[in-house]
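The values are calculated or read from the model by the stated rules, or taken from the named source; none is laboratory data. Just so it is clear, the structure is predicted and the values come from calculations on it, not from any experiment. Counting neighbours? That spans all protein chains shown, and the Cβs are built from the backbone with ideal geometry, glycine included. Quick note on the areas: whole protein, heavy atoms, side chains included, nothing else; ligands and nucleic acids left out. Shrake-Rupley method; radii C 1.70, N 1.55, O 1.52, S 1.80 Å.
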Amino acid sequence: MKNRVLAIFGGKPVRSKVFASRPHISTNEEKAISRCLKERMFSRFIGSPTKNVRRELRMTSDQVMHLKDFWSFLGGPNVRKFEGLWAKMHDARYAISVNSATSGLTTALLAAGIQPGEEVITTPFTFTATATSIVLAQAIPVFADIDIETFCLDPSSVEEKIHQKTAAVMPVHILGNAGYFDQILKTAQKKNLLLIEDSAQSPGGTYKGKPLGSFGDAGVFSFQETKNVMTGEGGMITTSDPRVAEKCRLIRNHGESIPTNDDPADYLKNVIGYNFRMTELTAALGWIQTNKLPFLNKIRRKNGLYLRNRLTEVAGDFITPQKLTNPESFAPYCAGFRWNPEASGLSRDLIAETLRSEGIPVATGYPRLLSENPLFTRKIAFGSNGWPFINHHRFSLSYGDGRKEWPNATRLQYFEYLGFFQVGWPNTEEDMEDIVSAFEKIMANTNRLRKENEHFRHVKVDFISGRR
């Protein structure tokens, strides 16, 4: 390698041009949006009872997709087509589009029958919406630790967190990885817990031959602009339970207007005037992007596997790829790795700073563990009196010491995680080589970097002593 001097020491960076995954847009999206604009088709939801609404609420998404109505309680032609295609691709009888995955998770919990004050076990190592969606459903998040190798929920920690008020578990298929999902499934079945899959980062992924998002009571996907399928914002709920699907459709669209006084109380429960509807413009992008998902996931898979293999070759003594439990279908939302500060003598944060100076964007986790959010540490959500936590049977539930409660999540988040979002279109293996080249420069300069790494000793001591 000719260019061995690191940019932070005055050398030339590996890369100078923009390096990111981007939405894949063709003339098909342009035509679909133009048609919506030409026909003034922005939303085709009717938020009040229609003649056949009870029958339509129970239809499968494939049946709904073939409705001829231009206006419907279930949305317009693009919404229904998007739902039908997504349901088929993910082996679900029903797909219910929403305006975000956040509202989708809340809707799924409510539709599955969560009660105020009940507990939902989830991971602290994920985007904030996973936990806040639980609070929005008036339930209480309880954080279990992760498995340090897969980055997903640790089944044994989930078992330890189960309490008499535990009603559900919400695993996250982080970066597209399922983790030890079969053990989570067995625990949910044994303990009679609801299972809501946060599949925001795993569209098109499978586990033991079955689509992720089709195992539990419901699965929820995201279409935010960084995801594998990109519509800007938006989400999708999948389920094969007709009762959950009907309730999701009610919750999404002012469903309190549908029940009568003759309906049982359970039909009205948790349906209180939400509007989580998706626009026709968003859905038009969505169904076209859905047809592209195999192509887009193939690119992510190819780049992700290439990067995993090459970084293991170049820096395998110090860096370890996320362990995959669904390698046959894995298409990374982001390529995740663990940096070993003890073996390398170099802190993760110094490595990240060095990579960025080389023109290689790199993520070091989420802003913080979810358990450290003041929403939980101070138990302030709705109003100023601690609701819904004040209504909880154990108000003393701790969200405090991450090193004690969630040691694996703490270590991964603050000391080891490196993530590369550049695995999607339009990037190629040649682009992945730029990441590899940056690591080659790091490996050629480890001794000099160690002299600059005074912070490492403090990081190592602070993790052991319990201070960051």
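How many angstrom separate the Cα center of segment 43-96 from the Cα center of segment 308-360?
Each part reduced to its Cα centre gives a spacing of 43 Å.
If R0 is 30 Å, what FRET efficiency do you get for GLU160 and THR128 from their C-beta distance, rounded to 0.05? Could the numbers behind the result be given before it?
On the way: r = 24 Å, r/R0 = 0.79.
The computed FRET efficiency comes out at 0.80.
Tabulate in residue order the Karplus-calculated ³J(HN,Hα) for segment 24-37, using 6.51 cos²θ - 1.76 cosθ + 1.60 with θ = phi - 60°, rounded to whole Hz; enter x for Gly and Pro.
Whole-Hz 3J(HN,Hα) from phi for segment 24-37: 8, 10, 10, 5, 5, 5, 4, 5, 5, 5, 4, 5, 4, 5.
Report, to the nearest whole %, how much of the accessible area of the chain belongs to carbon and sulfur atoms, 1.4 Å probe, protein only. Don't jump to the answer; show the numbers that get you there.
Working: 9870 of 19490 Å².
The C+S portion of the solvent-accessible surface of the chain is 51 percent.
Based on the Cβ-Cβ distance of THR260 and ARG58, what FRET efficiency does E = 1/(1 + (r/R0)^6) give at R0 = 22 Å, to the nearest 0.05?
Details: r = 16 Å, r/R0 = 0.75.
Efficiency, rounded to the nearest 0.05: 0.85.
Over segment 202-247, with a single point scatterer placed on each C-alpha, what log10 of the ratio I(q)/I(0) does the Debye formula yield at q = 0.14, 0.23, 0.30 1/Å?
Summing over Cα pairs of segment 202-247 leads to -0.38, -0.83, -1.02.
Given R₀ = 25 Å, what would the calculated FRET efficiency be for ILE25 paired with LYS208, taking r from the Cβ atoms and rounding to 0.05?
0.15
Have a look at segment 90-245 and give its Rg and Dmax from the Cα atoms, expressed in angstrom.
Using the Cα atoms of segment 90-245, the pair Rg, Dmax is 13.8, 40 Å.
Please sort 71-80, 42-51 by packing, taking for each peptide the average over its residues of neighbouring beta carbons within 10 angstrom, highest first.
Working: 71-80: 23.9, 42-51: 14.6.
Final packing ranking: 71-80, 42-51.
Based on the Kirkwood radius over alpha-carbon pairs, what value in µm²/s does the Stokes-Einstein equation return for the translational diffusion coefficient of segment 348-456 at 20 °C and 1.002 mPa s? Each step should come with its number before you reach the end.
Numbers: Rh = 17.1 Å.
Roughly 125 µm²/s, to the nearest whole number.
Based on alpha-carbon positions alone, could you give the equivalent ellipsoid semi-axes of segment 66-156 from the gyration tensor, as √(5λ), descending, whole Å? The partial results should precede the final answer.
Numbers: eigenvalues 194, 56, 22 Å².
Largest first, segment 66-156 gives 31, 17, 11 Å.
Placing +1 at every Lys and Arg Cβ and -1 at every Asp and Glu Cβ, with all other atoms neutral, what dipole size does the chain have around its Cα centre, in debye to the nearest 20?
Working: 60 positive and 49 negative charges, 125 e Å.
It works out to roughly 600 debye.
How much solvent-accessible surface does ARG448 expose, in Å² to the nearest 10, with a 1.4 Å probe and all protein chains in place?
Accessible area of ARG448: about 120 Å².
Helix 101-112 versus the longest principal axis of the chain: what angle, 0 to 90°, nearest 10, using Cα atoms?
The two axes meet at around 50 degrees.
Averaged over every viewing direction, what's the projected area of the C-alpha convex hull for segment 1-111? Give it in nm², one decimal, please. Could the numbers behind the result be given before it?
Details: hull surface 51.5 nm².
So the Cα hull casts an average projection of 12.9 nm².
Leaving out ligands and nucleic acids, and using a 1.4 Å probe, what accessible area per residue does segment 34-81 come to in Å²? Write out the running numbers ahead of the final one.
Values: 2760 Å² over 48 residues.
Here the residues of segment 34-81 average 58 Å² of exposed surface.
Rounding to the nearest 10 and keeping the result within 0 to 90°, find how far the Cα-based axis of helix 454-465 lies from the longest principal axis of the chain.
Compared with the principal axis, the helix lies near 60 degrees.
Of the chain, which part is the longest with no GluC sites (Glu not before Pro) in a loop (DSSP not H, G, I, E, B) and with at most 15 other C-beta atoms within 10 angstrom?
On the way: sites that count: GLU39, GLU225, GLU328.
Between the exposed loop sites, the longest stretch runs 40-224.
In square angstrom, rounded to the nearest 10, how much accessible surface does LYS298 have for a 1.4 Å probe?
150
Could you work out how far apart the two model spin labels at GLU328 and ALA343 are, taking each label as a point 7 Å from the Cα in the direction of the beta carbon, and quote it in nm?
Each label point lies 7 Å from its Cα, and together they span 2.9 nm.
Say the cut-off is 25 Å between C-alpha atoms; which of LYS161/LYS210; LYS165/LYS190; LYS323/LYS379; LYS165/LYS269; LYS190/LYS210; LYS81/LYS227 go over it? Don't jump to the answer; show the numbers that get you there.
Details: LYS161/LYS210 27 Å; LYS165/LYS190 15 Å; LYS323/LYS379 34 Å; LYS165/LYS269 19 Å; LYS190/LYS210 21 Å; LYS81/LYS227 20 Å.
Over 25 Å apart, Cα to Cα: LYS161/LYS210; LYS323/LYS379.
Compute the distance in nm between two label points, each set 7 Å from the Cα along the Cα-to-Cβ direction, one at ILE272 and one at ARG243.
Reported label-point gap for ILE272 and ARG243 is 2.1 nm.
May I ask for log10 I(q)/I(0) of segment 1-45 at q = 0.24 Å⁻¹, from a Debye sum over the Cα atoms as equal point scatterers with solvent left out?
-0.90
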